[in-house]
Amino acid sequence: MANTYSQIYVHLVFATKERCPVLTDERQNEVYAYITELVKDYNSYLFAIGGMDDHLHLLISLHPAHSVSEVVRIIKANSSRIINKKEWLKRRFSWQEGYGAFSVSQSSLDKVIHYIKNQKEHHSKQPFVDEYIDLLSKYRIEYNHEFIFAHVD
């Protein structure tokens, strides 16, 4: 793409199916490193990755040749494959259908990076469901609560 210039920052959020707590502290680094390589393979840059045992946040600079949905599909499919190969669950692992994708301005990068890297601290004060609904509200995204999560505690 000669003479194509862009800077597309996207904050991605997605959960494990039925909010299964598979991404324990011991496993997170392995999954995060794998996802980092997947993002690089798509000529994109991962600024931050973090989350809890049942969901992930990523801040990426997306290459203009790839769509958000394509990159999310690749991340979910390949990380699911690795998790299943390692047999971390007695049943088949998968990510919940859907995801949140929120555009981020250049001036907000540091704030979003800090937010993603401090998920454990953040979730000591706010559950994931409330966090996700707050993000949808902040970005003025209409949603049907019934379809946000397959399993809510």
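Side notes on the structure shown:
- All-pairs Cα distance distribution in the chain, expressed in whole percent, bin size 10 Å: 10, 42, 37, 10, 1
- Proximity of backbone amide H atoms, modeled 1.01 Å from N, is registered between HIS57 and GLY50, GLY51 at under 5 Å, excluding neighbours fewer than 5 places apart on the same chain.
- When only Cα pairs below 8 angstrom with a gap of at least 6 residues are kept, the range 8-147 shows a relative contact order of 33 percent.
- Subset of LYS90/LYS120; LYS17/LYS120; LYS90/LYS138 violating a 29 Å alpha-carbon distance limit: LYS90/LYS138
Every read-out reported here was derived from the displayed coordinates using simple, explicitly stated rules and does not represent laboratory data. All values derive from a computational prediction rather than experimental measurement.
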